[in-house]
Structures are given as structure tokens and as C-alpha cells.
1. So what are the three principal axis dimensions of segment 1-78 from its Cα atoms, in whole Å, longest to shortest?
2. For an R0 of 25 angstrom, estimate the FRET efficiency from the Cβ-Cβ distance between Lys82 and Asn20 and round to the nearest 0.05.
3. Would you mind telling me which residue in Asp120, Asp51, Asp107 has the biggest mean-square fluctuation in a Gaussian network model of the chain, where springs connect alpha carbons within a distance under 10 angstrom?
4. Over the chain, with a Gaussian network built from C-alpha contacts below 10 Å, which listed residue (Gly110, Gly146, Gly18) shows the highest mean-square fluctuation?
5. Taking Lys133 as the anchor, which lysines have their alpha carbon closer than 23 Å to its alpha carbon, excluding any fewer than eight residues away along the same chain?
6. Return the FRET efficiency for the residue pair Asp164, Asp39: r is the Cβ-Cβ distance, R0 is 25 Å, and the value is rounded to the nearest 0.05.
7. Roughly how many nanometres apart are two label points built 7 Å out from the Cα toward the Cβ at Arg9 and Ala106?
8. Any chance you could run the full-extension gain for Asn2 through Glu57? It's 0.36 nm times the residue separation minus the Cα-Cα distance, nm to one decimal.
Amino acid sequence: MNELKQMIREVPDFPKPGINFFDITTLLKDQHGLKKVIDSIHEHYRHTEFDLVLGIEARGFFFAPTLAYTLGKGFVPVRKPKKLPAATVQMEYALEYGIDTLEIHADAIGKGQRVLIIDDVLATGGTAAAVAKLVEKLGGTVAGLGFVLELDFLNGRQKLVGYDIHSLIHY
């Protein structure tokens, strides 16, 4: 995965001073890099039993729908507040630089459905933990959490103990 790592741009002091942002847009624009990401995540999860692929706004939307398509599953978006048109369930969570909220349609996941959660980065684990709680609140089971990159130094896995976690690239 070193070739993928080289395609990711590091932007200092974004979104605020002291934060080093790992920008995947440089990876996304590379046809071979994007294909390798999708193929690698697909390969990891192709034998996992699950019903839906859930993508977290915004950058999880780059990968989750494509994975859902290649794996023959449905796609469920988790969005920022007031972006979904029907009844929603929401969860507030802490970021490494603030507080945020995410929502999912109240009828997006049926009781007992197994859900694969996909996002671009596992940082502090707050976003992923909140989404896992949303899945469980709706009666679903988290089948796994997949990330393009993981910032190991932020210890996000500590908030996800008990879940199957897969990250392609580690910093």
C-alpha cells in the first residue's frame, strides 16, 4: 500500500492550526490509485456476510456506493443534519477538533440486517463509533468497518473495540 500512501497529500494546519489533514483527493484523481483502493477493500470483504454498505458523509460517499455495487449490496448514506428528506435518527459525536452530528433515515436498516460501514479515514474513532451506534440503534449489526487510511497515532481503534476493522493505509 506504499504506492497509495504516496498519492495522499498532507496539508498542514487544516481545518485549523495544529491539524495535519490527509487529503485523498490526490489519490481519487489517479485512475490506478482509485481502482486499487476499491479492489483492495472489495477483496477484503467479498467473503464477509452482510446486507448493506453504509457510507459516511462526505468522503465515505466516494467509496461506499462503488463497493456496494461491486459486492452486489445496497447502499445507505449517513449524512449531516437536515440533508435527508424522511424521518431520521441522529447521533452527536466528538471530532478531533470539535463536535458534530450525523443522521440516517429511520427506516434505512431493518432489524437483524448486517451492515458494512465504509469511510475514508479512521482518526479518533468518534465518527465511526457514532455510526456504529446508529446502526445498532436501528436494530442492525455492524459486520465490519473499512477505511482507506488510519491515523494510528490517534488511537481510534480504542473507541471501536469489539468490531472488525480493516484499514488499507496506516500513518
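1. 41, 28, 19
2. Efficiency, from the Cβ-Cβ distance: 0.25.
3. The residue with the greatest mean-square fluctuation here is Asp107.
4. Gly18
5. Within reach: Lys73, Lys80, Lys82, Lys83, Lys111, Lys159.
6. 0.80
7. 4.3 nm
8. Computed gain between Asn2 and Glu57 is 17.2 nm.
Bear in mind these aren't lab numbers, they're just calculated from the coordinates by the rules spelled out. The structure presented is a predicted model; accordingly, all values stated were derived computationally and were not measured. Neighbour counts run over all protein chains shown; Cβ positions are idealised from the backbone, glycine included.
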